1. Of the conditions (1) open to solvent by 70 Å² or more (accessible area, probe 1.4 Å); (2) closer than 27 Å to R36 by Cα, E87 satisfies every one except a single condition; which number is it?
2. Residue by residue through the range 91-108, note down the ones that are of a type outside the set (A, V, I, L, M), in a loop (DSSP other than H, G, I, E, B) and either in contact with a strand residue (DSSP E or B) (Cβ under 9 Å, 6 or more places away or on another chain) or farther than 27 Å from V150 by Cβ (or both).
3. Can you list residue pairs whose Cβ atoms sit under 9 Å apart, with the first residue in the range 281-310 being more than 29 Å from A227 (Cα to Cα) and the second being of a type in the set (D, E) and part of a loop (DSSP other than H, G, I, E, B)? Count only pairs 6 or more apart in sequence or on different chains.
4. D128 fails exactly one of the following numbered conditions: (1) more than 19 Å from H163 (Cα to Cα); (2) loosely packed, with under 14 Cβ neighbours inside 10 Å. What is the number of that condition?
5. Given (1) touching a residue at least 24 places away in the same chain (Cβ under 8 Å); (2) among the hydrophobic types (A, V, I, L, M, F, W, C); (3) exposed (fewer than 14 other Cβ atoms within 10 Å of the Cβ), identify the lone condition not met by A260.
6. Filter the range 309-328 for residues that are open to solvent by 20 Å² or more (accessible area, probe 1.4 Å) and either touching a Lys or Arg at 6+ places or on another chain (Cβ under 9 Å) or hydroxyl-bearing (S, T, Y) (or both) and give the result.
7. When the range 311-326 is examined, which residues are found to be part of a helix (DSSP H, G or I) and either in contact (Cβ under 8 Å) with a residue 60 or more places away in the chain or closer than 16 Å to M237 by Cα (or both)?
8. Just checking, which of A270, A254, A287, A236 is buried (at least 22 other Cβ atoms within 10 Å of the Cβ), touching a helix residue (DSSP H, G or I) at 6+ places or on another chain (Cβ under 6 Å), within 17 Å of A316 (Cα to Cα) and small (G, A, S)?
Amino acid sequence: MPTDPATGAATDRPPIARYGLGTAAVGRPGYITLGRDGDLPAERTVEALRDRTHALLDAAYAAGVRYLDTARSYGRAEEFVAQWLAERPEAAAEVTVGSKWGYTYTAGWQTTGVAAHEVKEHSTAVFDRQIHETRALLGPHLDVYLVHSVTPDSPALTDTALHARLADLAGQGVRVGLSTSGPAQADTIRAALAVTVDGRPLFTAVQATWNLLEPSAAPALAEAHAAGWLVVVKEAMANGRLAGRNATGDDTAALRALAARTGAPLDALALAAAAAQPWADLVLSGAATLDQLASNLTAATLHPTPDDLAALATLAEPAPAYWRTRAALPWA
C-alpha cells in the first residue's frame, strides 16, 4: 500500500497522488534530457523558465499531483517553487516539497563553455550553507531533505558530525534521506539503512533511479520500503531514452510492442511500470512541457499486468553499461 510522503503512514491515496513533479529539467537552461532543444523556449531566460515551471506546477496540482521535487543544484528551481508556493497558499498547504543538498550549481545560467554544471561535496560546511539557502526560500514548506546523489564512497554515510546535523534537522520535523546514483545504488541504500544516531535510524527516505533499462536497485529499495522509508523513483524515463521520440531501437522493442497493443504512450507505460513496483511510494515526472506532463500523468490510469511487466523486464541493461551511457549524455 502506498504511504503518505510527509508522514509515512499507509494511505488510500488516489492513483494520481502516486506521481510527483520534478524540476530538474526546467530550473536551469542546461540539462541532460534527450530532445531538450525542442522542449524549452528559444530564449532560456530566467523569466521564461520561471513561467514554464509555474505553468507545470499549476497543471500538475490541478491534476492531483501533491509531491514536488527540487534541489539546490537545479539552477533556480527552488526559487521558482518557492515563488509558486507563495502565490498559491491553498496549494502550498496541500503539497509535500522535497529538496536536495550536496551539489552546488556552477553553470552561471549557461549551457555551453561550462567546465562543470554542478559540483558535488557532502561536507558539513556545504550542508550548513545549503540548508540556510533552502530554508531562506522554502521556509516551513521544506518537508523532505535529501543528500544529493550519494554513492558508496560518500562521507554522508560515515561523517558523524554531518549525521548529528541531519539528526537535528529530522528532530525539527523534516524527513531526512538521500538520493542515489551510479551502478552501486543498492550498496549505497543498504549502507544508509545501517546508519544510526543515538541508536535510531538516521535516514528515512530515498530517491533512486529505477527504470526499465536500469532496475538493479529494486531489491534494496524493497528493503528500504520494508524499513518504513519513503521511496521515490526518479529518472523513470531514463533521461528521455524511454520517450516515444527516442525509443526507436531494438533495446526498447518490448515497450513499443506494449504501446502498440494497448494504445498507451511509451512514456506513460514507463512511468506506470515504475509505479507498479510494490516498494515505490512515488514516481516523479520530469516533464519540461505541458504536453509531456499530460502524457506522463496518464500513467495513473494504466495498470500493467504481471505478463506486461515480465515482457518489459527484458529491456534491462547491465547497470555499468546504463550508467556509462547516462554519463555520456550531453548537457544541452
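The values are calculated or read from the model by the stated rules, or taken from the named source; none is laboratory data. Since the structure is predicted, the reported quantities are computational estimates derived from the model, not experimental observations. So basically every Cβ, Gly included, is an ideal-geometry build from the backbone, and we count neighbours across all protein chains shown. Each accessible area value is taken on the protein alone, full model and side chains, heavy atoms only, with ligands, DNA and RNA left out. Shrake-Rupley method; radii C 1.70, N 1.55, O 1.52, S 1.80 Å.
1. Among (1) open to solvent by 70 Å² or more (accessible area, probe 1.4 Å); (2) closer than 27 Å to R36 by Cα, the lone unmet condition for E87 is (2).
2. We begin by selecting, within the range 91-108, every residue of a type outside the set (A, V, I, L, M); these are 94, 96, 98-106, 108.
This time we only want the ones that are in a loop (DSSP other than H, G, I, E, B), so: 94, 102, 106, 108.
Residues satisfying the conditions are E94, G102, T106.
3. Cβ pairs passing all conditions: A287/D39; A288/D39; T289/D39; Q292/D39.
4. (1)
5. (1)
6. Step one: list which residues in the range 309-328 are open to solvent by 20 Å² or more (accessible area, probe 1.4 Å), which gives 309-311, 313-314, 316-318, 320-321, 323-328.
Scanning the range 309-328 gives T314, T325, R326.
7. We begin by selecting, within the range 311-326, every residue part of a helix (DSSP H, G or I); these are 311-315, 319-326.
Residues satisfying the conditions are L312, A313, T314, L315, A319, P320, Y322, W323, T325, R326.
8. When all the criteria are applied, what remains is A236.
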